[in-house]
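Chemist: My structure is below; once you've seen it, I'll send some questions.
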Amino acid sequence: VAQTYIYPSSSYEDDQAYAAAWLAAATGDASYLETTASIFNAQYFYGISVYASWDSQWASAASLALELKNLHGVDVPSADVYESFLTTVFLPAWLNAAAWGITYTPKGLAYIDGFPWGALRYTMNAAFIVAVRANYESDETAKASQISFVQNQVDYALGSAGQSYVSGMGSG
């Protein structure tokens, strides 16, 4: 049966940029990273979301491209733009609740204020991106902060605050 309603996507460019980065990773053909850079740079001016979700793959695309550069030695066009986005926009928003309506619950969950349900979908996606970023962080203090964020968010999801949100995990 055909569905009459699907979740609308706010854009397709983020998906294209992310797909191109994955094609570069899968095939070893770095020319796909030109596509990622072209799309990312064209959209960066308009404001790229820090909400890592099905509707926004910008942070994922930047993270994957930088992983190819920093962990696999691939020459990545616009690596400086991706790095700037992650270090001056994405990481402060999530780690410091610095912008984008991201705040913390009293027990430590980072969440997007005003989103009425499913907070962990964004938080766990952000934690994954932060974990990947921590793999190639050269500043030990920043790396420790990133790892702490990831551990705290995953621990929260697994029940450290008294309620596990993963079936079969935790006591809550």
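What follows draws every value from the coordinates through simple rules; no lab data is involved. Given the structure is predicted, the values throughout are model-derived calculations rather than measurements. Please note: Cβ atoms are built from the backbone with ideal geometry, for glycine as well, and neighbour counts cover all protein chains shown.
Chemist: Working from Cα positions, state the angle (0 to 90°, nearest 10) between the long axis of helix 140-158 and the longest principal axis of the chain.
Modeler: For helix 140-158, the angle is close to 50 degrees.
Chemist: Show that you can apply the helix-only estimate: for the chain, add -39,500 (n - 2.57) for every DSSP H stretch of four or more residues, divide by all residues, and state [θ] at 222 nm to the nearest 500.
Modeler: Rounded to the nearest 500, the figure is -16500 deg cm²/dmol.
Chemist: Summing +1 for each Lys or Arg and -1 for each Asp or Glu, what net charge is found among the other residues whose Cβ lies under 15 Å from the Cβ of residue 136? Numbers along the way, then the final one.
Modeler: Values: positive: 69, 133, 143; negative: 67, 80, 83, 137, 139, 140.
Residues near residue 136 contribute -3 overall.
Chemist: Give the angle, between 0 and 90 degrees and rounded to the nearest 10, that separates the Cα long axis of helix 32-44 from the longest principal axis of the Cα atoms of the chain.
Modeler: 60
Chemist: Roughly speaking, what is the centre-to-centre gap between region 123-166 and region 45-87 when only Cα atoms are used, to the nearest Å?
Modeler: 18
Chemist: Further question: Going highest first, how would you order 97-110, 26-39, 80-93 by mean Cβ packing within 10 Å?
Modeler: Going by the mean number of other Cβ atoms within 10 Å, highest first, we get 80-93, 26-39, 97-110.
Chemist: Right, another one. How much length is gained on full extension from residue 120 to residue 144, taking 0.36 nm per residue of separation minus their Cα-Cα distance?
Modeler: Contour length minus Cα-Cα distance gives 6.4 nm.
Chemist: Let me ask something else. Which net charge results for the neighbourhood of residue 127, defined as the other residues with beta-carbon distances under 15 angstrom from its beta-carbon, given Lys and Arg at +1 and Asp and Glu at -1?
Modeler: Summing Lys and Arg as +1 and Asp and Glu as -1 gives +1.
Chemist: Just checking my list [x] 0.96; [y] 1.08; [z] 1.81 against Cα Rg over 2.2 N^0.38 Å computed from this structure; which label fits?
Modeler: Step by step, Cα Rg over 2.2 N^0.38 Å for this structure corresponds to label [y].
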